[in-house]
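Bear in mind that the values in this text are calculations on the coordinates, not laboratory data. Keep in mind the model is a prediction, meaning the values are calculated, not measured. Here the Cβ positions follow ideal geometry from the backbone for every residue, glycine too, while neighbour counts run over all protein chains shown.
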Amino acid sequence: MTSLAALRYLVALNEHRHFARAAQACHVTQPTLSNALRGLEEEFGTPIVKRGRTYAGLTAEGERILKTAQLMLHEHARLVQDLAASAKQPQGALHIGVVPTAVPMAARFAVQLQGRHPGIAPVVRSLSSREIEEGLDSLALDLGLGFAERWSLPQAAARLSLLPQYEEHYFLVRRAPRPAAQLQMGEALTWAEAARLPLCLLTPDMHNRSLVDSAFARAGVPVKPVMETNSVLTLTLTVQAGQLASVLPGALVGALRHQGELEALPLVEPVMCTPLAFAVSRQVQPSRALQAALALAADADWLAQAGAHSGRLA
């Protein structure tokens, strides 16, 4: 009879793509994990893992078994949560994937959710849009926060349900001429004017960078940053260092509100408004914890707060 442990090992191997790392993540020895996977192959009468000198992926049959394993493990976790909880007192972990530029908003959301429902333990992970989509598809994530336009495309929309949250507006952030008590708001700046400044931007593989590049293109000016990073923390620290400027969405600007040595200038011509939304998988019924999160995501007070912190300093 198939054990849940063996299915967890298979899911972990697919996630880590390495026998030793998968075993470590499951807190077992590598021989234990390998023997359990061989047991699955014997039970189903088919190879599951492509074996070579290193992990080489799953067979076609293994991919089918993996999908079933992900669903079974998700339903098992949902059942455990539901039996330990009630509609008014949801329990358990809630895994949230968020694009890096929306991390401040996700942090606000997670804190409010935990405050409303102390039995819920949010786990917030900063991930790329692609990684969030993969996490929702594999059921490793319960909820994703990212770019609505990307997830509204037909291929994604068939798999994901969206809850619109807010629209991001963009700012040029740089050192202020004179320090103050808080982040200073300057006059509007055009994208063409911003392109002439020494900029640090996110790397081209980040979806936010494609949005920024499109705004510069609409302004009719090419942009060549003097520095690139895939880390939002590095981006903000670079601006604080004083030599370079950057383009940041409102949620990140709000997180810098106590940095009085900086100023933020709204970017215009064009005015960019990027819709962000929560996404959930259509594959399964939501747990009580996810139901509570979706209720907060649709709450009028929360949506008003999200809007206030997305395009201006409240």
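Placing a label point 7 Å from the Cα of ALA93 along the Cα-to-Cβ direction, the residues of segment 59-79 whose backbone N falls under 13 Å of that point are 74, 77-78. Of all DSSP bridge pairs formed entirely within the chain, close to 55 percent run antiparallel.
Taken along the Cα-to-beta-carbon direction at a fixed 7 Å, the label points for GLU269 and GLN112 span 3.6 nm. Based on C-alpha pairs under 8 angstrom that are at least 6 apart in sequence, the chain has a relative contact order of 22 percent. Of all beta bridges that DSSP places with both ends in segment 11-151, some 10 percent have antiparallel geometry. Once the Cα-Cα distance is subtracted from the 0.36 nm per residue extended length, the ARG125 to LEU233 segment shows a gain of 37.5 nm.
Fewest neighbouring Cβ atoms within 10 Å first, the residues THR190, THR236 line up as THR190, THR236. Taking all Cα-Cα distances within segment 4-79, those exceeding 21 Å account for 18%. Comparing mean-square fluctuations of GLN81, GLN114, GLN155 from a GNM of the chain with C-alpha springs under 10 Å, the top value falls on GLN155.
Extension gain for LEU163-GLU15 works out to 50.6 nm (0.36 nm per residue, less the C-alpha to C-alpha distance). Figure legend: label point modelled 7 angstrom from the Cα of SER152 along Cα→Cβ; residues of segment 251-293 with amide N under 11 Å from it are 274-277. For the Cα trace of segment 170-272, dividing Rg by the Kirkwood Rh returns an Rg/Rh value of 0.93. Here is the size of segment 1-147 from its Cα atoms: Rg then Dmax, 17.2, 51 Å.
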